[in-house]
Amino acid sequence: MNKSKKTFLILIGAVIVGILWRLLYLWQFSASPLFSHPMGPDVAEYDQWARQIIGGQWLWRTVQIHAPLYPYFLAFLYWLTGYDFIWVRFIQLLVGLAGAVPVYFELCRGQWRRPGLTALIFAGIVLIYPPLIYYQAELTSEVLLLPLLALSWFLLRRRYYLAGGIMAGLAAITHPGTLVFIAGELLMLALIPRWKPRPALMFLLGSLIFIAPVVGYNSYLEGRFVPIQKNGGLNFYLGNNIEADGTCNVRPGPDWEYLTRTTANEAEKLGCGMDRIYTRNAFRFIRDNPLTFIRLCLRKAVLVWNWRELIAGADAESIRYFTAFQRYTAWSFMVVGILGLSGFICVLACWRKLMEYRHAVWWLVSFWLLQVITVTSGRYRTAMLYPIFIFAALLFGEFVRRKRFRPVLLTLVVLAAALVVILPRAPYDARD
């Protein structure tokens, strides 16, 4: 049996194991009453919007608090499956698997030795990593966000700048945080390796094909400029106020209702939107407490890598650790985070490797930066997972096997990464 055929059979076997692993999770989760009854912030709102689309309301009539692409995708799944949630969630998991395919094949084309090993390690992590399975089975926008970002990365590496921009634009109307990724890519395409504006312009044009109609329609509805969604100022405020601890510390309940009610009253008095009030209060905190703000940003920069899956609004603890699948694999990011952060540091220390994987570096950094600006959570970290997996695979496939780093230096890098991932105590842990 030749080497390529052996690799193909290994990959097919791994995919089968990955699908069975996902079916095991769905089987355990199906025992929950929440499996077929979407509840909680974000999840219930996506579900309601999707049902409105199926009911005949093809265009939204007021500016929504979420970006539009995922509700349309969810509506399609509802129509296709007849609201059968086992199929809805399973198809989402298959979409998530498909999103990793272009990354796998691009890693196989790496310019360094043994790229196939790096690609196989990446594929293995994608197939078995439990938190990714959990998030891709949930009714949230991250289901589409990660595959779209993967396609954009793949196309940018192949120098299909217009198509890469289209995928990034679709990702932006799935989750507006992608705009940070787009802005950085525009600068990088224009300046690296030398001033060349055409790739940046093609990428910008592609991204605007879908972003511009959404922004234009929202602005038409409001009679003023409105971005992809409203209420974006809320996360900015939650992460930047005098009581902020780096996470989504205001949980659904009395505190959440009080914050929403007081902000709505203030917005009504001033005749403006709630977004403006949230943003103004956050900037006021930054202006009045610059040192506290800096310490808070540093704390969030570390918490992004915390081994715990920090809770966001839609990640109710009643479902986060409902299944044995989740409870017994809660330590998963401890391993992947240490390896991924170590590989990321190694790539930064090698100029040639940094240039080869600069798009993956910015992919990771942009969504890391987004959480430093706003709030951290395991779900918001999902957009970073593929580049983390890439750098974890590179650590094995390149730096360890070829011993690019001396053993002592590599050990220090891994220890430093372990300290960042393991030691900081998260202010909120669902298992406490």
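Details
- Ranking by accessible area, most exposed first, for 379, 406 with a 1.4 Å probe: 406, 379
- Extension gain from residue 225 to residue 32, taking 0.36 nm per residue of separation minus the Cα-Cα distance: 65.2 nm
- Protection proxy ranking of 131-139, 68-76, 339-347, by the mean of other Cβ atoms within 10 Å over each peptide's residues and highest first, is 339-347, 131-139, 68-76.
- Angle of helix 115-128 to the longest C-alpha principal axis of the chain, folded into 0 to 90 degrees and rounded to 10: 40°.
- Between the amide H of residue 376 and those of 247, 248, distances stay under 5 Å, these residues lying 5 or more places away or on another chain, with hydrogens modeled in the peptide plane.
- Each of 312, 8, 28 was placed along the dipole of the chain (beta-carbon charges, centred on the mean Cα), and the one lying farthest toward the positive end is 8.
- Solvent exposure of the chain amounts to 46 Å² per residue of accessible area, where only protein heavy atoms count and the probe is 1.4 Å.
- Counting protein heavy atoms only, the chain has 67 percent of its accessible area on carbon and sulfur, 1.4 angstrom probe.
- Pairs from 230/300; 269/300; 196/300; 196/230 whose Cα-Cα separation, in the structure shown, is over 31 Å: 269/300; 196/300; 196/230
- From the alpha carbon centroid of the range 158-212 to that of the range 45-111 is 22 Å.
- FRET efficiency estimate (nearest 0.05) - Cβ-Cβ, residue 269 to residue 108, R0 56 angstrom: 0.40
- With each label modelled as a point 7 angstrom along the Cα→C-beta vector, the residue 355-residue 411 pair spans 3.3 nm.
- Taking label positions 7 Å along the Cα-Cβ direction at both residue 187 and residue 324, the computed distance is 5.0 nm, reported to one decimal.
- The long axis of helix 161-172 is offset from the longest Cα principal axis of the chain by roughly 50 degrees.
- Folded to 0 to 90 degrees: helix 197-222 orientation relative to the chain principal axis, Cα: 30
- The slack in the chain from residue 51 to residue 291, taken as 0.36 nm per residue of separation less the alpha-carbon distance, amounts to 81.8 nm.
- Under 30 Å from residue 5, Cα to Cα: lysines that are on another chain or at least 8 residues apart: 353, 403
- Estimated FRET transfer efficiency (residue 98, residue 209; beta-carbon r; R0 25 Å; 0.05): 0.65
- Straightening the chain between residue 249 and residue 422 buys 60.2 nm, computed as 0.36 nm per residue apart minus the Cα-Cα spacing.
The values are calculated or read from the model by the stated rules, or taken from the named source; none is laboratory data. Note that the structure is predicted; figures quoted are calculated from it, not measured. Because the Cβ atoms are built from the backbone with ideal geometry, glycine has one as well, and the counts that use them run over all protein chains shown. These accessible areas exclude ligands, DNA and RNA; they are computed on the full protein's heavy atoms, side chains included. Shrake-Rupley method; radii C 1.70, N 1.55, O 1.52, S 1.80 Å.
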